Amino acid sequence: MSGLDRVPGRVSRWAILVALLAGLPANAAGQDVAVTGGTVYTVGGDVLEGATVLVRDGIIAAVGHDIEVPAGVRTLDATGRVVTPGLFDATTSLCLVEVGMVSSTVDAQLEGDPVRAAFDVVDGINPRSVLIPVNRAAGLTTVLSAPGGGLIAGQAAIIDLAGSSADEMIVRSRAAMVASYSAGAAGGSRGGASMRLREVLDDARFWRENQAAFSAGRTRELSASRLDLEAMGPVLDGEIPLIVSVHRASDIEAVLRIADEYGLDLVISGGSEAWMVADRIAAAGAPVILKPLTNSPAGFDRLGSRFDNAALLDRAGVDVIIGSFNSHNARWLVLEAGNAVRFGLPWDVALRAVTLAPARALGVADRYGSLEPGKVGNLVVWTGDPFELSTEAEAVVIRGVITSLDHRQLELFRRYRELGGERPAFK
């Protein structure tokens, strides 16, 4: 159980949206909005009953009781509803993939050398992706859109799911370096993957200290291109995290050793067997992004998968982040979180795992992840407990704009529901 009070009679989301969205541009800039009367889960502080969240020029101006709403500010009555920060998915390729089987619509992977550190996903972001509205309608407001493939896949970007251009959507470009550790990542063995990763890190340090000699051709041959070595600089400096997809317990230990050797800001992704080495992960201070519904072995490196992975990690003191590991259905993030609660993760930890925890791991917690003054006005009004199957996102606010909850699937539903006439007889 979540501990939420029962939410009284649900008012139609369409009734509210018709009143609120009439004539409202989907991505109007600098809009003010006040959400009043709801049960506000700030995540960064207390739970406030019957409170107001006031957003001015896209930034939260005030949260609490007895807040005066200025004249002319659009108001959303959330009485009897639940208000949370917008959901943050740290494991998706949203806006980089449209149709997985059509290569011309896939910009999430660069083929070739397993080291692709200089690959930046930003120019591949599609702000008109039909996947944005359907995921946004489920309460998703912010994602880490990340590349995949190889040993070092490239640089991921944090984006908000609103805006008419990639520039408008981007929260932070080059927000993280994404890598993968397994027997197949480089050289066909885990030792090979470790060797190549250390080699690239060593060469990145060497290149930075010997750039002039390198440009003059007076250095040894290096293991990666100049651009790739340059891109690894912020990783070595701890300015951005290295997110490593890794599952087997012994592989996680190997990655922890490498991160310790080079002083890296490590984030573990996947972590099917992370519960087996939870104490070591906690000691290293590495957050773990996981998919709670992963309980069956998809390979020999995941034989220890179990439903209560998140709960066991949390009890050990690991900062848990819940991800969808999906693009088309990133909207299932709340279902993943709900199932983590079902298998022992505290409800408030699950909410933090899809809001503030990813923001902290990715270095944007000063602006995202909780409902506090000074942070970006991303929030969701829910009809009830967001982790319950029957709950809907009644309103989604991104940067102070109440966004449309319409999407292609709803359009198709309406089209075929409203078709008239008799069915043609089969011949």
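The values are calculated or read from the model by the stated rules, or taken from the named source; none is laboratory data. Nothing here was measured: the structure is a model prediction, and the numbers come from that model. Cβ coordinates were reconstructed from backbone atoms using ideal geometry, including for glycine residues, and neighbour counts include every protein chain displayed.
Summary of computed values
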| item | result |
| --- | --- |
| Test: I258 is in the same structural domain as E209 (by TED's automatic domain parsing), farther than 19 Å from S324 by Cα and not small (G, A, S) | yes |
| Residue check for A298: in a loop (DSSP other than H, G, I, E, B) and of a type in the set (A, V, I, L, M) | yes |
| Answer residue from region 278-294, given it is in contact with a strand residue (DSSP E or B) (Cβ under 8 Å, 6 or more places away or on another chain) and not in a loop (DSSP other than H, G, I, E, B) and is farthest from D308 (Cα to Cα) among those | A284 |
| Residue match in region 226-238 (condition: touching an Asp or Glu at 6+ places or on another chain (Cβ under 7 Å), of a type outside the set (A, V, I, L, M) and outside any loop (DSSP other than H, G, I, E, B)) | no |
| Residue match in region 73-82 (condition: surrounded by 15 or more Cβ atoms within 10 Å (Cβ to Cβ), assigned by TED's automatic domain parsing to the domain that holds L131 and in a loop (DSSP other than H, G, I, E, B)) | no |
| Every residue from region 151-204 that is at pLDDT below 95 and among the β-branched types (V, I, T) | none |
| Candidates E253, E261, filtered to the one that is in contact (Cβ under 8 Å) with a residue 40 or more places away in the chain and not aliphatic (A, V, I, L, M) | E261 |
| Qualifying position, being buried (at least 18 other Cβ atoms within 10 Å of the Cβ), within 17 Å of D160 (Cα to Cα) and touching a strand residue (DSSP E or B) at 6+ places or on another chain (Cβ under 6 Å), among L379, L313 | L379 |
| First in region 231-242 and assigned by TED's automatic domain parsing to the domain that holds L144 and modelled with pLDDT of 95 or more, second anywhere and of a type in the set (D, E) and in a loop (DSSP other than H, G, I, E, B), Cβ under 7 Å, 6 or more apart | G238/D265; P241/D265; L242/D265 |
| Residue list for region 197-224, filter: surrounded by fewer than 15 Cβ atoms within 10 Å (Cβ to Cβ), assigned to a loop (DSSP other than H, G, I, E, B) and on the phi < 0 side of the Ramachandran plot | A216, R218, R220, E221 |
| Which listed residue is in contact with a Gly (Cβ under 7 Å, 6 or more places away or on another chain), acidic (D, E) and over 17 Å from S250 (Cα atoms), from D314, D308 | D308 |
| Options V11, V106, V18, V7; residue that is in the same structural domain as N339 (by TED's automatic domain parsing) and modelled with pLDDT under 95 | V106 |
| Answer from S182, S173, S194 - the residue that is surrounded by 15 or more Cβ atoms within 10 Å (Cβ to Cβ), hydroxyl-bearing (S, T, Y) and assigned to a loop (DSSP other than H, G, I, E, B) | S182 |
| The one condition in (1) over 14 Å from the mean Cα position of the chain (by Cα); (2) part of a loop (DSSP other than H, G, I, E, B) that C95 fails to fulfil | (1) |
| Residue under evaluation I60, criteria (1) crowded, with 24+ Cβ neighbours inside 10 Å; (2) among the β-branched types (V, I, T); (3) not assigned by TED's automatic domain parsing to the domain that holds S189, criterion not met | (1) |
